[in-house]
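One structure is given below, encoded as structure tokens.
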Amino acid sequence: MQARERILIALDTSDAGQAVEWVRLLAGHVGGFKVGLELVHAAGFGIFERLREAGAERIFYDAKLHDIPNTVARAVRAIARMGVWMVNLHASGGLEMMTAAAESARSVPNPPLLIAVTVLTSLSEGKLQEELGVRRGLREQVLHLASLAREANLDGVVASAQEAALLREHIARDFLIVTPGIRLADEEVHDQKRVTTPAEAVRAGADYLVIGRSVTADPDPLEKVERIVRELAVLG
């Protein structure tokens, strides 16, 4: 995979016009664009077509679905018909929910990649255990949920790069790892607790890197993307 193909730009904004501008500027220079709940709830599902018209060939819908199996299966089928490239759900919804989602996605032509969120990168091990009552350590919980996603025949997971090496050790190489929480070495981490640099993430085994403010808040987003591409290119 070429370096720029790994980069997925997070369109984290409620301003549809701004999102379209970012796509027009960066399409062809990155691997795709992530559309999350903020933008969809502000602009409606028509935003997908607007972004495609602006040049977005690959759209990752960061839906984070989490409900009973039948509801999630129906939602995935509807999303698949919208022509997105990738969509996600919460692995904590369980094996039955993920299996139903995978079967539903593959019931339509050209199904999207279906990936599962393991543990949000805003959560530390302390919060995972003390607030959510999870008895496993953070790394063990990520591996457990990723293993369930693999069993459910999903295409991959969303996980911090800090757990990517663990996943690569225990799960097949063709299982995708999509990594948020990417920051360059000299940047603030904001609300993320488990962050890493682009090169560190790829070395650990990540396939795709979700990068938002590091690029979109920069005065020259395209130059920042090229800087990241150069950093990744040296890895071969």
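Of note:
- Between the beta carbons of Asp67 and Leu222, assuming R0 = 35 Å, the FRET efficiency works out to 0.35 to the nearest 0.05.
- Extension gain from Gln18 to Arg203, taking 0.36 nm per residue of separation minus the Cα-Cα distance: 63.4 nm
- Extension gain, Leu184 to Met82: 0.36 nm times the residue separation minus the Cα-Cα distance gives 33.4 nm.
- Backbone geometry of segment 57-65 corresponds, through the Karplus equation with coefficients 6.51, -1.76 and 1.60 at θ = phi - 60°, to 3J(HN,Hα) couplings of 7, 10, 10, 9, 8, 7, 7, 6, 5 Hz, x marking Gly and Pro.
- Distances between placed amide hydrogens fall under 5 Å for Ser122 paired with Lys193, all partners being 5 or more residues away or on another chain.
- Rg and Dmax of segment 3-233, Cα atoms only, in Å: 16.8, 47
- In a simple Cβ point-charge model (Lys, Arg +1; Asp, Glu -1; nothing else charged), the chain has a dipole of about 500 debye relative to its Cα centre.
- Note on the chain: antiparallel DSSP beta bridges, both residues inside, total approximately 0 percent of the bridges counted.
- Positive-end extreme of charge dipole, segment 3-233 - chosen from Ala217, Ala16, Val35 (charges on Cβ): Val35
- Label zone (Arg230, point 7 Å along Cα-to-C-beta; backbone nitrogen cut-off 20 Å) within segment 9-36: 26-31.
Taken together, the values in this text are just the output of simple stated rules run on the coordinates, not laboratory data. Quick caveat: nothing in here was measured; it's all calculated off a predicted structure. So basically every Cβ, Gly included, is an ideal-geometry build from the backbone, and we count neighbours across all protein chains shown.
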